[in-house]
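Peer 1: Structure in structure tokens, see below.
Since every read-out is calculated from the coordinates, none of them should be taken as a lab result. Note that the structure is a prediction, hence the values are computed from the model and not measured. Please note: Cβ atoms are built from the backbone with ideal geometry, for glycine as well, and neighbour counts cover all protein chains shown.
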Amino acid sequence: MVFEGKTAKKSIPSTDTIIKIATIDADGNKVVVEKQMSKADFMKKFVKPKIDMSNLQNQKDSVQKAKEKAAALEKELEVKKAKEIAAAKQAALLKAEEEKREKMEQKLLKEKEDAELLRKKKEEAEELKIKNEKEKAEKLKAEKEEKVKRDQAKKEDARLAEKEKDEKLKAVRARAKERLAQEKKDKRKKSPKMEKETKTKKEVTSKKEAEIDAFKIDEPNEKPAIPASNTTTRTQENDKKDNVYGKVRLFYDSLASSHLLSIPTETKMHYHAEHSEHLLLVSGQGMVLIKYKTHNLQANDLLFVPKGVPHKIINTGKGPLKILSIQAPFYDGTDKIILE
């Protein structure tokens, strides 16, 4: 049986058969090929099956139902996917909201901790301030009490100094009166030629006694520190009694005289009844007490001592104290009344 192409015009074989198939080769020549084929293969390859229309409609319905089912399933899958996406978005939103809430809680917790720390610092600062104020108040109270004690001690010292001053003044007055009395007694023993001079000096002595009785020491609030003298009475001469050594008269006339004094330690408290005196520090260090007021001297410092005013010169340095003494009128060394 020969077939050309795909259409068989002969009857369907009952058994296996050999068929010839005519084809065109690559060179364009017609070629016939024999091939053994079974009935089933023949039917499948060359015979179209008979179509059942009712069955075809059923198949179409089945396909349509399958399509509808597939579409429904696809739609269901899309809905499910959309729900999953919405659920995922909701979960993401919830997670973001939770993270935001946690961050807010952490922020609030940190602010609360910071506020608590600040409150503690303020309390500590307030406690420290109260403590410092208390210590300051206690210190001021202690200083005030100490000042009161010092004032009381100063008043007591002033009272004792005043008492000592009064006692010293009384002793000075007593010694001065005794000295004047002794001078009177000594003068009575002199020759009649000095009666006139004695009378004059008696008037001066009486006047000086009145000045001594009326004399008041104007002392500063704090008694000046007077260096202790370690000298002793040397001779009965007037200058040596006054601890003055190396006294040199420089210039003089009837109106004034100048002397260079060398003072190793200090002079006695004394005054000049008829002479005023200028004191000029030449070398050394010293101070002068005038009515118990202290005047510290440096080189070329000049002081004026009126007549009748008690004064005392003190050497405060290590070497000799040299002072230029200028007295008016002429001074012969006798007008010196020592009070100590």
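Peer 1: What full-extension length gain, to one decimal in nm, is calculated for K147 and V33 as 0.36 nm per residue of separation minus the Cα-Cα distance?
Peer 2: Net length gain for the segment: 26.3 nm.
Peer 1: Once the piece of chain linking R249 and R101 is laid out straight, how much longer is it, given 0.36 nm per residue of separation minus the C-alpha distance between them? Before the final figure, lay out each step's value.
Peer 2: Working: separation 148, 0.36 × 148 = 53.28 nm, distance 11.17 nm.
Gain on extension, R249 to R101, equals 42.1 nm.
Peer 1: Here's a follow-up. If I model a spin label as a point 7 Å beyond the Cα along the Cα-Cβ vector, how far apart are those points for K307 and K122 in nm?
Peer 2: The answer from the label model is 8.5 nm.
Peer 1: If amide H atoms are built 1.01 Å from N in the plane of the peptide, which residues on other chains or at least 5 residues away come under 5 Å of the amide H of E266?
Peer 2: Distant-sequence amide H within range of E266: N315.
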